Amino acid sequence: MELKERIREHWEQEVCGHRNGLGAQGKEYFDNIDRERYRQEPMIHDFARFEESKGRKVLEVGLGTGADFIRWVRAGAEAYGRDLTRASVETVGERLRLEGLTADVAQGDAEKLEFPDNTFDIYYSWGVLMATPDINAALREAHRVLKPGGVLRIMLYHYPSVGAYLVWLRHSVMALKMETVKECYYHNVESPGMKLYSVNQASGLVSRHFGKEPEVRTYLGAGDLLTHNFSDKYRGLHWKAAKLVYPRRFVRHVIGDRFGTEMTMEVTK
């Protein structure tokens with residue numbers, strides 16, 4: 001519970017995606033966030049398949065600023081959103097009001113959902129469940145609330161990956177600390193307790209609860225390519241210079257998606 005409270009407090013301070021909208025307000029603020037999100041993570045559209053959700057019950061766990069969630073609602077889904085933080089819920093609520101849309105959005109815990117068994121057609125969570133302290137509890141809940149034939153679509157952070165080793169290089173090697181890549185990532189990326197999973201580990205977690213192997217793909221993300229807006233702890237000319245000279249083309253075309261940090265998983269109940 002102490003770790004979960006620290007995680008909640010982290011995201012209360014800065015809703016995920018917020019920094020991409022700084023300098024704007026209202027619809028422009030959200031438009032800027034969305035433009036940057038899908039520039040950095042263009043694979044989301046093909047994975048989520050928002051347009052197929054019309055008339056279906058969708059649960060998204062972990063909302064951030066609502067870039068994905070608003071697309072479920074626009075597509076005509078019966079959309080439910082749950083996030084650990086009040087800040088995210090209020091942000092998504094503002095976004096819905098700006099567009100004259102309605103959806104069921106509230107605070108909630110991925111490890112303990114309030115919904116009855118067999119409620120949803122789609123359970124979706126992008127880059128969230130690797131942060132929850134008990135991912136097995138979250139996956140049990142995902143399986144429970146999905147209808148038979150319902151689909152789980154989630155993204156977790158993958159290891160080994162370019163981004164994970166960049167974090168390790170910065171926070172362990174350069175800081176002369178003796179720790180593994182996963183230990184370093186746990187303490188230094190986004191909220192406290194961030195976890196990395198190999199393809200086999202993640203597949204094993206999902207198949208334990210769904211009884212079948214998920215379809216898994218890995219992708220180079222913004223943290224692998226250094227295409228994202230850096231947080232405050234990476235301010236300064238030396239970080240701007242590092243971003244400019246980073247061998248992005250080599251990472252994309254030689255190393256490739258096999259060593260990407262973003263890992264999508266899809267399985268039908």
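Condition check ((1) more than 30 Å from Val151 (Cβ to Cβ); (2) crowded, with 16+ Cβ neighbours inside 10 Å; (3) modelled with pLDDT of 95 or more) across all residues:
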site	(1), (2), (3)
Pro192	yes, yes, no
Tyr197	no, yes, yes
Lys240	yes, no, no
Phe250	yes, no, yes
Lys269	no, yes, yes
Odd one out for Ser125, checked against (1) under 17 Å from Met265 (Cα atoms); (2) open to solvent by less than 30 Å² (accessible area, probe 1.4 Å); (3) part of a loop (DSSP other than H, G, I, E, B); (4) out of contact with any Ser or Thr (no Cβ under 9 Å at 6 or more places or on another chain): (3)
All positions within segment 40-72 that are part of a helix (DSSP H, G or I) and touching a strand residue (DSSP E or B) at 6+ places or on another chain (Cβ under 7 Å): Met43, Ile44, Phe47, Ala48, Ser53, Asp68, Phe69, Trp72
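Inside segment 148-190, can you point out the residues that are among the aromatic types (Phe, Trp, Tyr), under 24 Å from Glu2 (Cα atoms), open to solvent by 20 Å² or more (accessible area, probe 1.4 Å) and in contact with a Phe, Trp or Tyr (Cβ under 9 Å, 6 or more places away or on another chain)? Even if it seems obvious, please write down each step before you answer.
Filtering segment 148-190 for residues among the aromatic types (Phe, Trp, Tyr) gives 157, 159, 165, 168, 185-186.
Still in the list and also under 24 Å from Glu2 (Cα atoms): 157, 185-186.
With the extra rule that they be open to solvent by 20 Å² or more (accessible area, probe 1.4 Å), the set shrinks to 157, 186.
Tyr157, the sole residue that qualifies.
Only one of these is in contact with a Pro (Cβ under 9 Å, 6 or more places away or on another chain) and either crowded, with 21+ Cβ neighbours inside 10 Å or among the aromatic types (Phe, Trp, Tyr) (or both): Ala67, Ala131. Name it.
One residue alone meets the criteria, Ala131.
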Test: residue in segment 161-172 that is over 24 Å from Gly256 (Cα atoms) and not in a helix (DSSP H, G or I): no
Residue satisfying condition, being in a strand (DSSP E or B) and either in contact with a His (Cβ under 8 Å, 6 or more places away or on another chain) or on the phi > 0 side of the Ramachandran plot (or both), within set Gly149, Gly193: Gly149
Residue satisfying all of: in segment 103-116; out of contact with any strand residue (DSSP E or B) (no Cβ under 9 Å at 6 or more places or on another chain) and open to solvent by 60 Å² or more (accessible area, probe 1.4 Å); nearest to Thr132 (Cα to Cα) among these: Lys112
Among residues of segment 1-39, those that are surrounded by fewer than 13 Cβ atoms within 10 Å (Cβ to Cβ) and either part of a loop (DSSP other than H, G, I, E, B) or basic (Lys, Arg) (or both), counted: 6
Close pairs (9 angstrom Cβ cut-off, 6 or more residues apart or separate chains): open to solvent by less than 30 Å² (accessible area, probe 1.4 Å) in segment 209-223, modelled with pLDDT under 95 and among the aromatic types (Phe, Trp, Tyr) anywhere: none
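For (1) of a type in the set (S, T, N, Q); (2) touching a Leu at 6+ places or on another chain (Cβ under 6 Å), each residue gets a yes or a no:
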| residue | (1), (2) |
| --- | --- |
| Val89 | no, no |
| Val92 | no, yes |
| Thr102 | yes, no |
| Val105 | no, no |
| Tyr123 | no, yes |
Cross-chain or 6+ apart pairs with Cβ under 8 Å, segment 85-99 first and within 16 Å of Ile33 (Cα to Cα) and assigned to a helix (DSSP H, G or I), then open to solvent by less than 20 Å² (accessible area, probe 1.4 Å) and of a type in the set (Ser, Thr, Tyr): Ser88/Thr65; Thr91/Thr65; Val92/Thr65; Arg95/Thr65
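Give the number of residues within segment 128-145 that are part of a loop (DSSP other than H, G, I, E, B) and touching a residue at least 24 places away in the same chain (Cβ under 8 Å).
6
The values are calculated or read from the model by the stated rules, or taken from the named source; none is laboratory data. Predicted model, so just to flag it, every value in this text is computed and none were measured. Cβ: placed from backbone, ideal geometry, glycine included. Neighbour counts: every protein chain shown. Accessible surface areas use protein heavy atoms only, side chains included; no ligands, DNA or RNA. Shrake-Rupley method; radii C 1.70, N 1.55, O 1.52, S 1.80 Å.
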